[in-house]
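Quick notes on the structure that follows.
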Ligand SMILES: Cc1ncc(C[n+]2csc(CCOP(=O)(O)OP(=O)(O)O)c2C)c(N)n1
Ligand SMILES: [Mg+2]
């Protein structure tokens with residue numbers, strides 16, 4: 001099944017996330033990842049959703065999302081014309097002998113160590129899903145005590161933006 | 001400018017929207033609103049259960065084309081609306097539901113009569129609001145009516161905390177709406193219509209499949225012109241019934257599970273399905289993979305999400321049915337239709353496989369035929385079950401908005417309150433609820449509403465002593481093990497009517513049917529007729545669930 005990344009621009013209002021997640025669960029759409037945050041415009045939040053499904057599913061996802069009054073616009077981010085990142089924080093158990101081995105791995109992945117104690121390190125890594133999976137695999141031999149990761153966030157490359165495909169009328173008030 | 005309360009602002013906003021009637025039931029958190037209603041110009045119809053308020057508003061909306069309004073108190077009042085809201089949602093009925101809520105400071109604390117009604121109704125409303133600031137009241141009312149009634153209509157719920165209704169504001173009703181996330185399609189795509197026209201001109205065996213969207217968009221006369229221009233047979237769904245005259249030679253009745261054989265055969269043999277305001281519901285299509293196997297499909301709908309949701313579509317046309325149909329007719333009217341042979345075939349099917357039943361004893365179908373004969377212009381509402389299907393099969397509608405039923409959700413108990421709402425909206429119409437004995441008991445308390453508010457509707461109960469439709473499935477698929485479907489002699493409906501101050505009549509013989517109907521209608525009072533019909537009559541024909549629609553059973 002194909003993965004699709006959608007940037008969903010929504011009204012920055014309480015309850016919007018519940019509308020969206022409720023829609024996904026009741027229509028049986030598969031969310032692989034979801035990340036939400038404010039944008040350059042105070043009244044708009046941006047939700048990056050990764051969905052899996054064939055083209056027909058993707059089309060339904062977009063159409064059903066569009067029916068939500070609080071959804072302003074949806075743009076699809078194709079892998080070759082966009083950049084995307086996920087972030088993970090991984091707490092690894094270490095002792096005097098394994099500490100340097102962990103640090104080597106962290107270097108190779110261009111990750112960072114952001115907290116140090118006698119028996120653990122917290123590693124911060126950003127990158128693709130695959131990169132995070134690789135470092136996780138390598139670190140697991142030392143014992144991962146705890147881990148947290150964000151959903152994927154993505155932007156179009158170059159000067160293109162998600163709002164580019166937004167119909168112009170959307171910017172103007174509608175008159176009855 | 002003088003300040004007014006949120007409750008006053010609410011009523012004034014409703015007046016601005018032209019609301020003439022509200023169906024509702026009071027309670028603690030809506031006391032300030034009810035106090036304003038006490039001397040407002042808007043009529044309030046007091047129901048006896050909030051579910052009925054929602055159904056009545058729904059029936060009112062379907063009969064008039066205007067947005068129905070209902071109101072309930074917080075907690076149990078609000079949750080009692082839920083079935084009615086879900087019913088309206090499934091049938092795309094414009095509805096504004098107003099619920100009281102506990103004061104803002106108490107929200108989230110499990111206060112007395114608190115229910116998260118915006119959360120509960122999230123999946124069954126087109127949109128909903130929790131009003132947090134009295135200043136927002138006029139804007140939210142304006143938006144709610146706009147959203148409910150435009151595009152694909154649907155219910156909108158507004159939850160108002162009690163203290164918002166007592167706060168004050170300077171009232172100004174907004175002129176403009178600013179909803180950047182809501183843009184119902186305005187025009188239609190002419191390019192798509194041109195392609196549709198090409199398909200139509202090439203088709204030899206077209207079928208127009210018309211749904212409730214045709215009625216919603218007031219497109220009946222445009223549908224008639226298209227059908228007569230291209231000489232295509234028209235099948236109307238349960239929700240589309242009345243969009244095209246059932247008496248017209250091009251009408252082939254209802255498709256699907258209990259549709260006519262000739263509608264189903266026509267669909268299966270067709271080379272082009274022109275779907276308008278219909279949604280390829282499983283009760284229509286049967287097994288989707290074998291639905292209209294030889295046909296290309298044109299799908300006209302105002303809701304883009306309906307296109308391609310169920311059936312594969314060759315030409316999608318997003319837009320208003322009325323605009324699309326009239327343009328389409330314009331694009332094809334120069335050519336001579338080539339459907340002569342096709343119409344001959346359909347005529348043969350009609351002759352060979354008419355809707356029929358054995359005329360012995362008092363048959364439910366006969367009761368419906370009598371209603372049709374005496375009151376062809378009546379507004380019919382139905383309950384759910386066999387009664388609903390017989391009403392659809394044997395009542396010939398000639399006008400839109402005269403057949404009002406819960407198609408999508410199939411809500412028993414819908415028809416009686418919907419009849420009350422329809423009669424309130426169209427007082428000059430004869431309004432008859434074709435009911436089942438089981439369904440009627442789900443909202444029979446509304447007899448009090450009809451009597452108190454003097455709403456003379458007729459309830460024609462096709463009393464078979466069974467939850468008949470379920471019994472039919474048990475007979476066919478569960479070895480006649482009638483588990484929990486026998487409801488014989490549960491109540492004396494005549495006495496029940498009389499207890500409420502309505503008229504109750506009982507009919508056991510076919511020869512008494514018409515006299516009883518006349519007596520009921522002429523009485524100009526709420527009236528129940530208890531038709532004691534053949535108990536085990538089945539709805540026929542029938543396509544078993546999941547079968548292709550030409551795999552049809554004939555039932556005795
Ligand atoms: C609220 C609700 N509960 C249950 C059902 C399932 N159901 C569908 S038809 C039916 C029987 C209806 O009985 P009745 O009103 O007597 O109508 P009949 O089929 O006998 O004409 C039932 C129980 C339903 N549609 N709605
Ligand atoms: Mg019954």
Over chain B, relative contact order from alpha-carbon pairs under 8 Å, at least 6 apart, %: 14 percent
Most mobile listed residue (A:132, A:90, A:69) in chain A, GNM with C-alpha springs under 10 Å: A:69
Spin-label model distance (nm) - residue B:201 vs residue B:452, 7 Å beyond Cα toward Cβ: 6.3 nm
Computed lengthening from residue A:1 to residue A:41, 0.36 nm per intervening residue step minus Cα-Cα distance: 11.0 nm
Tilt relative to chain A, helix A:16-26 - C-alpha long axis, 0 to 90 degrees, to 10: 90 degrees
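For chain A, what is the convex hull volume of the alpha-carbon atoms per residue, in Å³?
Numbers: hull volume 26.9 nm³, N = 176.
Per-residue hull volume (Cα only) is 153 Å³.
At a 10 Å Cβ-Cβ cut-off, how would you order B:423, B:132, fewest neighbours first? Intermediate results must be reported in sequence, preceding the final value.
Numbers: B:423 28, B:132 15.
In increasing order of surrounding Cβ atoms, one gets B:132, B:423.
I need to check one value: relative contact order of segment B:190-352, counting alpha carbon pairs closer than 8 Å and at least 6 residues apart, in percent.
On the way: 320 pairs, mean separation 47.2, N = 163.
The normalised contact order for segment B:190-352 reaches 29 percent.
Would you calculate a helix-derived [θ] at 222 nm for chain B, using -39,500 (n - 2.57) for each DSSP H run of n ≥ 4 and dividing by the full residue count, to the nearest 500? Display every interim value, and only then the final one.
Numbers: 23 runs with 205 residues, N = 556.
Using -39500 (n - 2.57) per qualifying helix, the result is -10500 deg cm²/dmol.
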Contour minus Cα-Cα distance for residue B:348 and residue B:374 (0.36 nm per residue): 6.4 nm
Rough spin-label spacing in nm, given labels placed 7 Å along Cα→Cβ, for residue B:294 and residue A:145: 7.4 nm
Cα-based helix-to-principal-axis angle, A:99-108 vs chain A, degrees rounded to 10: 40 degrees
Relative contact order (percent, whole number), segment B:14-152, Cα cutoff 8 Å, 6+ residue spacing: 23 percent
For chain A, built as a Gaussian network whose Cα springs stay under 10 Å, the top-fluctuating residue of A:11, A:86, A:146: A:146
Residue with peak Gaussian network fluctuation, chain A [Cα springs, cutoff 10 Å], from A:22, A:127, A:151: A:22
Cβ neighbours within 10 Å from other chains - mean over A:65-78: 3
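What order do you get for B:482, B:209, B:129, B:357 when you list them from fewest to most C-beta neighbours inside 10 Å?
Working: B:482 15, B:209 29, B:129 23, B:357 20.
Ascending Cβ contact count within 10 Å gives the list B:482, B:357, B:129, B:209.
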Overall form of segment B:390-496 per C-alpha gyration tensor (a/c, 1.5; a/b vs b/c): oblate
Net lengthening on full extension, residue B:1/residue B:524 (0.36 nm per residue, minus Cα-Cα): 183.5 nm
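Taking R0 as 45 Å, what's the FRET efficiency between residue B:491 and residue B:110 from their Cβ-Cβ distance, rounded to 0.05? Provide the component values of the computation, followed by the final result.
On the way: r = 38 Å, r/R0 = 0.84.
Here the calculated transfer efficiency is 0.75.
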Residue exposure sequence - B:390, B:349, B:473, B:342 - by fewest surrounding Cβ within 10 Å: B:473, B:349, B:342, B:390
Cα-based shape type of segment A:83-153, given that a ≥ b ≥ c are square roots of the gyration tensor eigenvalues and the cut on a/c is 1.5: prolate
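Given only helices, namely DSSP H runs of n ≥ 4 each adding -39500 (n - 2.57), what is the per-residue ellipticity at 222 nm of chain A, to the nearest 500 deg cm²/dmol?
-8000 deg cm²/dmol
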Computed label-point distance, nm, for sites residue A:26 and residue B:314 using a 7 Å Cα→Cβ extension: 3.5 nm
Pairwise FRET efficiency - residue A:157 versus residue B:398, Cβ, R0 = 60 Å, nearest 0.05: 0.50
Between 0 and 90°, nearest 10: helix A:129-140 axis offset from chain A longest Cα axis: 20 degrees
Rounded if a/c under 1.5, otherwise prolate or oblate - chain B, Cα gyration tensor axes: oblate
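Direction-averaged shadow area of the convex hull around the Cα atoms of the protein assembly as shown, nm²? Write down the numbers at each step before the final one.
Values: hull surface 151.0 nm².
That works out to 37.7 nm².
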Using a Förster distance of 25 Å, the FRET efficiency for residue B:42-residue B:183 (Cβ separation, nearest 0.05): 0.25
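Coordinate-derived values only; no laboratory data. On a predicted model such as this, the values are computed, not experimentally measured, just so you know. Here Cβ is always computed from backbone atoms with ideal geometry, including for glycine, and neighbour counts include all displayed protein chains.
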